[in-house]
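Participant: The following block contains the structure, expressed as structure tokens.
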Number of protein chains: 2
Amino acid sequence: MVRDPDQSASGLHAEAHHHHAIDADAVQSRARAYATSKSIPFTSMRQRVLALLAASGKPMAAYEIAEKLSDARRVQAVQVYRALEFLQEAGCVHRLVSRSAYFACDHLHGSGETVVFMVCSQCGAVQEAASDVVARGLRGVAKTTGFKPRHPIVELEGDCANCAGEPAG
Amino acid sequence: MVRDPDQSASGLHAEAHHHHAIDADAVQSRARAYATSKSIPFTSMRQRVLALLAASGKPMAAYEIAEKLSDARRVQAVQVYRALEFLQEAGCVHRLVSRSAYFACDHLHGSGETVVFMVCSQCGAVQEAASDVVARGLRGVAKTTGFKPRHPIVELEGDCANCAGEPAG
DNA sequence: GACATGGCGTTATAATGTTACATTCGTTGT
DNA sequence: ACAACGAATGTAACATTATAACGCCATGTC
């Protein structure tokens, strides 16, 4: 879940960067499984978007994805958004509201789980962590106000362990 | 030439609907105090934006604010964004990331406090609640990953007590 | 084959947010 | 009073993010 180069042991497809590449095979398998379960195709465009996000290991803007995927044929933003919609349904990709950016995630979240996204202001890397304490706190405030929560958004902006140690690297 | 802010505010206040408007006087006082403390002016535009948000009591998009504030002179979005920037610094206005909307808030949040925004999907109303449990949970996940949090974003999408009781009303 | 469904490719547009710059306003120094 | 300066404004243009509309094509079903 915490995507760190040391932890991504299956870095067979790891890019040359020092970035936090995620397990591309695992995330692709999950997307394929979701597609199969819904009887919808895991199409080429969906694979390409997911592969790019998995290789990058960092959040990317939709237009940035379109740019990177363009070759002779220009990939339009709307095509990326459609692929992202599928990938988010499949649970393979999340959207960072604090950056309007999308990133691949190789961890399968339980349906009731509350996940915290920690976004590094300096290097842009994202760490995820599920927190029962946060989940309990959210249920608590909702209960006291009679609010029926459907979907939580929890993000932390700050500095990751690497960047906090080496400022402005 | 110079618009009287108090008359403007009370006029808008009169148009507040059944949904709960916030304490316009209190929030305006806080904005004025912040401005004084920073030796910057609490200008007419800033007063107008804050008064509108306070009277509305609900989140509004920046362009919607610009629209409502326009009379003979068209108020441009950039002017609204500039006013919102000041008001957010003053702690009188918050931005809802889940809706890209802005709303006035009449309680003063402590600097270390973690505030949860509960946004009703049906009526759009926002409730705020500070939660020590959530704050503790966030500190916990940050600590285990070595992350240094600076700013938390916590929002719940769901149904408020009113709308949950009377669906789609 | 006829046909319904869904994804793709393309164009256009909506919605949100920012940059640039000249002007005006308020304060400050003289 | 008046010049000078920084901040806030007014205005236009631009940038970014996201969606709508529509025809084409591939796939599966009858």
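Participant: Restricting to the stretch A:36-60, what's the tally of residues that are charged (D, E, K, R) and assigned to a strand (DSSP E or B)?
Facilitator: Kept after step one, since they are charged (D, E, K, R), are these residues of the stretch A:36-60: A:38, A:46, A:48, A:58.
Now narrow it down to the ones that are assigned to a strand (DSSP E or B): none.
Of the residues in the stretch A:36-60, 0 are charged (D, E, K, R) and assigned to a strand (DSSP E or B).
Participant: Has the stretch A:129-149 got at least one residue that is of a type in the set (S, T, N, Q), more than 19 Å from B:Glu128 (Cβ to Cβ) and at the interface with chain B (Cβ under 7 Å from one of its Cβ atoms)?
Facilitator: Yes, the stretch A:129-149 contains at least one residue that is of a type in the set (S, T, N, Q), more than 19 Å from B:Glu128 (Cβ to Cβ) and at the interface with chain B (Cβ under 7 Å from one of its Cβ atoms).
Participant: Could you list, in sequence order, all residues of the stretch A:57-84 that are within 12 Å of A:Tyr102 (Cβ to Cβ) and open to solvent by 30 Å² or more (accessible area, probe 1.4 Å)?
Facilitator: Within the stretch A:57-84, A:Lys58, A:Ala61, A:Tyr63, A:Glu64, A:Tyr81 meet the criteria.
Participant: Still on this structure, please answer the following. Whether any residue in the stretch A:14-35 is in contact with a Pro (Cβ under 7 Å, 6 or more places away or on another chain), modelled with pLDDT under 95 and open to solvent by 50 Å² or more (accessible area, probe 1.4 Å) is what I want to check. Steps first, please.
Facilitator: Initially, the stretch A:14-35 is screened for residues in contact with a Pro (Cβ under 7 Å, 6 or more places away or on another chain), giving A:18, A:20, A:35.
Narrowing further to those that are modelled with pLDDT under 95: A:18, A:20.
Right, trim to open to solvent by 50 Å² or more (accessible area, probe 1.4 Å) and you get A:18.
Yes - at least one qualifying residue is present in the stretch A:14-35.
Participant: Could we say that A:Glu113 is within 21 Å of B:Pro152 (Cα to Cα) and open to solvent by 20 Å² or more (accessible area, probe 1.4 Å) here?
Facilitator: Considered against the rule, which asks whether it is within 21 Å of B:Pro152 (Cα to Cα) and open to solvent by 20 Å² or more (accessible area, probe 1.4 Å), A:Glu113 comes out as yes.
Participant: For the stretch B:86-108, what are the residues that are away from chain A (no Cβ under 14 Å) and under 15 Å from B:His151 (Cβ atoms)?
Facilitator: Answer for the stretch B:86-108, where residues must be away from chain A (no Cβ under 14 Å) and under 15 Å from B:His151 (Cβ atoms): B:Gln88, B:Glu89, B:Gly91.
Participant: Which residue pairs have Cβ atoms closer than 9 Å, lie 6 or more positions apart in sequence or on different chains, and pair a first residue in the stretch A:83-101 that is at positive phi with a second residue that is open to solvent by 10 Å² or more (accessible area, probe 1.4 Å) and of a type in the set (A, V, I, L, M, F, W, C)?
Facilitator: Cβ pairs passing all conditions: A:Gly91/A:Leu108; A:Ser100/A:Ala61.
Participant: Please name all residue pairs, on different chains or six or more residues apart, with Cβ atoms under 7 Å, provided the first residue is in the stretch A:61-79 and is outside any helix (DSSP H, G or I) and the second residue is within 11 Å of DNA strand C (Cβ to nearest atom).
Facilitator: Note: pairs meeting the criteria are A:Ala61/A:Ser100; A:Val75/A:Ala66; A:Val75/A:Leu69; A:Gln76/A:Ala66.
Participant: Let me ask something else about it. Considering only the stretch B:40-55, I want to know if a residue exists there that is at pLDDT 95 or above, among the small types (Gly, Ala, Ser) and within 16 Å of DNA strand C (Cβ to nearest atom).
Facilitator: Yes, some residue in the stretch B:40-55 is at pLDDT 95 or above, among the small types (Gly, Ala, Ser) and within 16 Å of DNA strand C (Cβ to nearest atom).
Participant: Condition first: part of a loop (DSSP other than H, G, I, E, B) and open to solvent by less than 20 Å² (accessible area, probe 1.4 Å). Now tell me which residues in the stretch A:92-110 satisfy that.
Facilitator: A:Cys92, A:Cys105, listed by residue number.
The values are calculated or read from the model by the stated rules, or taken from the named source; none is laboratory data. This one's a predicted model, so the numbers in the text were calculated from it and none came from an experiment. Cβ: placed from backbone, ideal geometry, glycine included. Neighbour counts: every protein chain shown. All accessible areas refer to the heavy atoms of the entire protein, side chains included, with ligands and DNA or RNA removed. Shrake-Rupley method; radii C 1.70, N 1.55, O 1.52, S 1.80 Å.
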